[in-house]
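Asker: Got a structure here, written out as structure tokens. Questions coming.
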Amino acid sequence: CPYLLLATFLHSFFVSLLSYPPSLLLLTFVGSRAYSPSVEGQNLATDNVSVIEGEMATISCRVKNNDDSVIQLLNPNRQTIYFKDVRPLKDSRFQLVNFSDNELRVSLSNVSLSDEGRYVCQLYTDPPQEAYADITVLVPPGSPIIESREDVVSEGNETELTCTAIGSKPAASIRWMKGEEELTGETTVEETYDRMFTVSSRVRFSVTKEDDGVPVDCIIDHPAVKDLLAQRHLEVLYKPEVKIVVTYPEGLTREGDNLDLTCIAEGKPHPHQINWLRVDEDVPPHAVVTGSDLYIENLNKSYNGTYRCVASNAVGEAYDDYILYVYDAPTTIPTPTTNPVNTQDSRAGEGAPQKIDHAVIGGVVAVVMFAILCALIVLGRYFARHKGTYFTHEAKGADDAADADTAIINAEGGHNNTDEKKEYYI
């Protein structure tokens, strides 16, 4: 409705007059009377601004195809900040950055929450035009704080951490990282005074001994700040890890030898007690236990059995076993042998399959196959040479003889004119 637009314009005009100093009243009146151009072809524009508290914001009122119409900037209370290039408002934080026929650009330094709101760009046309720039003030949160339900936690138990980010606008978001693993927390947002927010996040998880010393990060995400985090290193208590190492001998344990075992135990806290025992039997009376070492001299077969090292701390206890088997003393100088360092059984190697030299076996098989092949070749050549026609004495005169004796006699005389009897070897 034209009347409503006119009333709005007059209201804005008279409100702005109240903020002018007396010296500018006449200028304002004349300016408003002098220019009443058509709005056709002109376009007034501006942009919303987000600014961090304490920093500077810039408001730009832009006109396309301006025909000398007057531009002014008003604050959220509709008080004139700048009329053309003149600042009626007594706030030195506003400074003119640029003024031309097509732009009025103003800066506002040291922005505070009270400066937040809708600013108005006005162009005195007929009817007047307005464009709105919303200034949003961002307030970064304070340094986050991590609190733990307990300072130290035993392996297998659950721990709880809480991270709090105080006084932000808008509300911050919180992420959790344990080493390279992302954790999921429960977030609570509380609105405080003047549209400010306090955000807290709580995370729970079970720990293992591998988590000891691992950093847990509370990461704050907020448009007004980057790389804001708090960190806490986990302190995890765990029971000992126990391992028995054979210091002597290096090979098999035989009668008359000495045995020296060392028990290595690591835990948090460090094991306060290390004990040696023999499973189901008593330790030999002359065995010597010195701290984590067990020493037995002049071994014999009655010492066979399982020897156990038990270590304990405030979290729990653990053990490792060594099986002793004493061999007969060698009657000849044996070939030196070395058992693996990690063996826990002095019988290592007993009953185990012996190493086979596959090269020797292959050579023997090759020789045997070669001999068989040679024999087949020799037999083949022999049979080939002896294949042909053979004559027996009986065959030489049997046809002309009346009986066997005559045949033999005739054969001895040799009858060349008789038909040959052939006999083949197959």
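The values are calculated or read from the model by the stated rules, or taken from the named source; none is laboratory data. Everything numeric in this text was worked out from a predicted model, so none of it was measured. Positions of Cβ are backbone-derived with ideal geometry, glycine not excepted, and every protein chain shown enters the neighbour counts. Each accessible area value is taken on the protein alone, full model and side chains, heavy atoms only, with ligands, DNA and RNA left out. Shrake-Rupley method; radii C 1.70, N 1.55, O 1.52, S 1.80 Å.
Asker: Which numbered condition in (1) in contact with a His (Cβ under 8 Å, 6 or more places away or on another chain); (2) closer than 18 Å to Glu317 by Cα; (3) among the β-branched types (Val, Ile, Thr) is the only one that Val216 fails?
Answerer: Of the numbered conditions (1) in contact with a His (Cβ under 8 Å, 6 or more places away or on another chain); (2) closer than 18 Å to Glu317 by Cα; (3) among the β-branched types (Val, Ile, Thr), the odd one out for Val216 is (2).
Asker: Any residue at all in the range 124-147 that is aliphatic (A, V, I, L, M) and open to solvent by 50 Å² or more (accessible area, probe 1.4 Å)?
Answerer: yes
Asker: If you don't mind, there's one more thing I want to ask. In the set Pro271, Pro240, which member is in a loop (DSSP other than H, G, I, E, B) and either at pLDDT 95 or above or under 20 Å from Asp211 (Cα atoms) (or both)?
Answerer: Answer to the selection: Pro271.
Asker: Leu261 passes all but one of (1) assigned by the TED database to the domain that holds Tyr303; (2) of a type outside the set (S, T, N, Q); (3) at pLDDT below 95; (4) surrounded by 15 or more Cβ atoms within 10 Å (Cβ to Cβ); which number fails?
Answerer: (3)
Asker: When the residues of the range 107-123 are filtered to those that are surrounded by 19 or more Cβ atoms within 10 Å (Cβ to Cβ) and among the hydrophobic types (A, V, I, L, M, F, W, C), which remaining residue is nearest to Asp221 (Cα to Cα)?
Answerer: Only one residue tops the list, namely Val111.
Asker: Can you find a residue that is open to solvent by less than 30 Å² (accessible area, probe 1.4 Å) and either touching a residue at least 60 places away in the same chain (Cβ under 8 Å) or hydroxyl-bearing (Ser, Thr, Tyr) (or both) anywhere in the range 94-106?
Answerer: No: zero hits.
Asker: Got a number for residues in the range 53-80 being of a type in the set (Val, Ile, Thr) and touching a Pro at 6+ places or on another chain (Cβ under 7 Å)?
Answerer: 1
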